Amino acid sequence: MASQISRPATTLSKQEKPGPVGWLSFAIWSVVALLLVIVEILLLPFTVGRGIHIPISVLLVVLGNSLIPRVMSIGTGVRWAWVVPAILWVLIVFPASMVTADGDALLPGKTYSATWNMIYLGVGAATALFGAVFARTDFTAWREHRSAIRARRKPASPP
C-alpha cells in the first residue's frame with residue numbers, strides 16, 4: 001500500500017482571532033474597496049477627444065477585484081475578509097446599473113458606452129470570483145506538497 005502524502009495545513013485556516021489592529025485594518029481596506037468601486041463607476045464613461053473611450057475602470061476592476069481580497073485576507077486576520085470586496089462590488093455596481101425614477105443611471109445602457117459597461121460588469125464579476133479564490137489559496141502549501149511529491153519520485157542514489 002502506497003504511503004499517502006498528507007497536505008500541509010494552510011496558514012489561512014490557522015488564522016487567530018483578529019485584535020483591534022486587525023479590525024482597524026479590515027475597516028480601512030473595506031473603505032478602500034468601496035472607494036475603488038465608486039471611482040471605477042465614475043471613470044467608466046471617461047472619454048478623450050471626440051468620444052474615444054479609455055477603459056481605465058476595466059483595468060481598475062481587474063486589479064482591485066483580484067488583489068484587494070488577498071490583501072484583506074492576509075493582512076487583517078479576519079477569516080471571511082476575502083469575500084467583502086466582492087460583496088461591496090456587487091452591492092454598489094448592480095444598483096448603479098439600474099435606471100432611477102428620474103431616468104438616471106450611472107451605467108447607461110443605450111449608448112456606445114453600453115458596450116464598455118457590459119464589459120465592465122462581466123470582467124468585474126469574473127475577477128471578483130477569481131479574487132476570492134486567489135485570496136483563499138495558500139501557495140506555500142502547494143509548494144510543500146509539490147516538493148514532497150518530487151522527493152517521493154526521486155530514485156535513491158547509489159552509495
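Laboratory data are not the source of any read-out in this text; all were calculated from the coordinates shown. As the structure is a computational prediction, the values presented were derived from the model and not from experiment. Neighbour counts are summed over all protein chains in view; Cβ atoms, including those assigned to glycine, are modelled from backbone coordinates with ideal geometry.
Data table
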{"quantity": "Label-point separation, residue 119 to residue 152 (7 Å along Cα→Cβ), nm", "calculated": "4.6 nm"}
{"quantity": "Relative packing of 121-133, 50-62, 73-85, which averages over residues the other C-beta atoms within 10 Å, highest first", "calculated": "73-85, 121-133, 50-62"}
{"quantity": "For peptides 93-101, 143-151, sequence by mean Cβ density within 10 Å, most packed first", "calculated": "93-101, 143-151"}
